[in-house]
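The structure appears right after this line, and notes come after that.
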Amino acid sequence: MKTTILLRQVSIGEDVKTILEKKLKKLDKFFDDEVQAFVTLSRKREKEILELTISSRGTIFRSEVEAQSFLHAIDPAVAIIDRQIRKNKTRLERRLREGAFTVPSDPEDGPVDEEKEFRVHKKQFALKPMSTEEAILQMNLVGHEFFVYEDSESGEVNVVYRRKDGEYGLIETSR
């Protein structure tokens, strides 16, 4: 696994980098050597935030953990990725490395019930051209976590959403 550590307004020692890379090796059983792992370390207020993103053959796995230190955050972040993989193992077997699930799992990880099928609730609505601010207002009025709309300036379909930190995010699409 190729690991890239990104530091956002923080600094860490070589010993912490070594420990982070060692902990990530636990996920090697699922991936081949071509996989990319990105660890983003940042600090907000009194908490340290570790974001772990793994990209393998077009599939992205992501976890974000807030803890008192980066070393306290790495184990839960790796456990989240491990749980995501094991929960969806049937669907992921073709995308991960050959034999990824023949390796016995750690007993301390605990059992994970595999999700057998995705239940999808469909909803249709007409896209209305509006600004990003109008879309955020509409999202708040309906009490949702995200809102799909047509941008009045570009004509593209965009999505606004509420982030975990209380801020808003915007996903812009293009054709």
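Read the figures in this text as sums done on the coordinates, not as results from a lab. As the structure is a prediction and not an experimental result, all values here were calculated from the model. Cβ placement follows ideal geometry from the backbone for every residue including glycine, while neighbour counts extend to all protein chains displayed.
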request  = Give me the distance in nm between label points sitting 7 Å out from Cα along the Cα-to-Cβ direction at residue 3 and residue 40, one decimal.
outcome  = 1.9 nm
note = In the range 129-172, taking the dipole from +1 charges on Lys and Arg beta carbons and -1 charges on Asp and Glu beta carbons about the Cα centre, the listed residue (157, 146, 171) farthest towards the positive end is 146
note = Ordering 24-31, 45-52 by per-residue average of other C-beta atoms within 10 angstrom, highest first, gives 24-31, 45-52
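For a footprinting-style exposure proxy, rank 8, 119 by other Cβ within 10 Å, fewest first. Please list the in-between numbers first.
On the way: 8 11, 119 6.
With the fewest neighbours first, 8, 119 line up as 119, 8.
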key: Long-range amide H partners of residue 152 with built H, under 5 Å   = 130, 131
key: the chain - charge dipole about Cα centre, Lys and Arg +1 at Cβ, Asp and Glu -1, debye rounded to 20   = 340 debye
remark   = Residues 82, 32, 165 in order from fewest to most other beta-carbon atoms within 10 Å are 165, 32, 82
note = Sorted by chain and then number, the residues having a modelled amide H within less than 5 Å of the amide H of residue 5, at least 5 places away or on another chain, are 39
Of 2/26; 2/44; 89/123, pairs whose Cα-Cα distance is over 18 Å = 2/44; 89/123
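Quick one: work out the % antiparallel among DSSP beta bridges in the chain, nearest 5.
75 percent
For the chain, calculate the relative contact order in percent as a whole number, restricting contacts to Cα pairs under 8 Å that are 6 or more residues apart. If you can, show how the numbers build up before the last one.
Details: 250 pairs, mean separation 22.9, N = 175.
Answer for the chain is 13 percent.
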request  = Give the long-range amide H neighbours of residue 35: residues separated by 5 or more places, or on another chain, with amide H under 5 Å away, using H modelled in the peptide plane at 1.01 Å from N.
outcome  = 2
ask   = What length, rounded to one decimal in nm, is gained on full extension from residue 80 through to residue 148, with 0.36 nm per residue of separation minus their alpha-carbon distance?
value = 21.7 nm
